[in-house]
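Some notes on the structure that comes next.
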Ligand SMILES: Cc1cc2nc3c(=O)[nH]c(=O)nc-3n(C[C@H](O)[C@H](O)[C@H](O)COP(=O)(O)O)c2cc1C
């Protein structure tokens, strides 16, 4: 029996966003009216083999790779949660989907990421150049993963080619198609092609989700009217202020920041990801008196101090301690290198990047996305790396790659996926050295899901 699709009719959807779309932001999007939320892209190999653990303090669920959380969720979002996979391999994509199937509602394949990392790995927008392969991955998921499957694409400049592709994709049996209305090589600052949605909507029978340049709540109605699309998807508008989903209008940014910090406490989000997401909220207002202190904040407490929330942090710490639950939001686990050879290879790759040299995508590249894909983030300086796990070392490359694209990153010049995350590195923060990003986990009990309420 075909799995039940989510309801896309008039749906307002939080787009997949690496680093931004972590659990606290997803929970807030739902709180403010989003109907569905996507995880950031997680590369197939990153999630396959992860250990599933339930955190006893807050009921969140972590998928851990060697102690590093690749994906954190909470049962309260499950019925609205779409898990996005980056993949170029039908078997791995299926394994990835099966790994998380019990905690998510839909599996999405990212076919839109234009970044070098994804393209070199044959993932993201590279799949659009190989429709048979793309459809093979989707068909394998549709036939075997037991959940509804969707996919997210960009468009070709050529209308006929785009329509041919979407019809092929529809024939795989997917339940909905998200379309980011830009060509593979177009940057986010270039206007999207809203005029291209309608022909896609007319060409297929499945729900089409329109994505690109939806900056106001009212844009959702405009784009629906213009295109006949079933649902709409928002990325940067939500990154800047996640209350964009409120029909009554956006809330003041300071309310959002404080609420976000509370969500970070409840879900035990790591300091570096917390800081990064808050900084992105101020990216259009770097003259704000909060911005510079935020750049300088080196711990969760320091971020709380910027927003005068130390009292709330103290109360949270006290409660955690009373129960014997973890309180550390700042440190990332150090991992022993798996093997010298692997470590050296990843280190060389990272150094090549740091020196601005191009290199071919390697297994290390794939590994790094495993780490940066979904997270509460920790940070190391490059000099500390020698004894890091290869997987951690490799993640430097991802950050360097993002740094290489910094002018664009500042204005969200990212594309659609794992290697495309804009980084705070181009903002005037002092600790801008290459970042290694890892998730922290101080958990917990391996069991089945509980539904401990948050807060
Ligand atoms: C910070 C950031 C991270 C992103 N990460 C992903 C991702 O993981 N997967 C994906 O398909 N698209 C990703 N994208 C692309 C967005 O989902 C979306 O397609 C694009 O930003 C256009 O929508 P917008 O105009 O509402 O921003 C990302 C975009 C941003 C700004």
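Remarks
- Whole-number D in µm² s⁻¹ for the stretch 1-52, Kirkwood Cα-pair radius fed into Stokes-Einstein, 25 °C, 0.890 mPa s: 193
- Averaged over residues, the count of other Cβ atoms within 10 Å places the peptides 149-158, 257-266 in the sequence 149-158, 257-266, highest first.
- Distance (nanometres) between label positions extended 7 Å along Cα→Cβ at residue 78 and residue 302: 3.9
- Per residue, the Cα convex hull of the stretch 115-167 amounts to 89 Å³.
- Across every pair of non-identical alpha carbons in the stretch 176-216, the mean reciprocal distance, once inverted, gives a Kirkwood radius of 10.8 Å.
- The stretch 93-141-the stretch 288-327 distance, computed between alpha-carbon centres (Å): 38
- Shape box of the stretch 12-245 [Cα atoms, principal axes, largest first, Å]: 50, 38, 31
- The stretch 190-260 and the stretch 1-78 have Cα centres spaced 20 Å apart.
- When you count the other C-beta atoms within 10 angstrom of each residue and take the mean per peptide, 322-329, 219-226 line up highest first as 219-226, 322-329.
Every number in this text was worked out from the coordinates using simple rules, so none of it is lab data. Keep in mind the model is a prediction, meaning the values are calculated, not measured. Every residue, glycine as well, gets a Cβ built from its backbone with ideal geometry; the counts of neighbours run over all protein chains shown.
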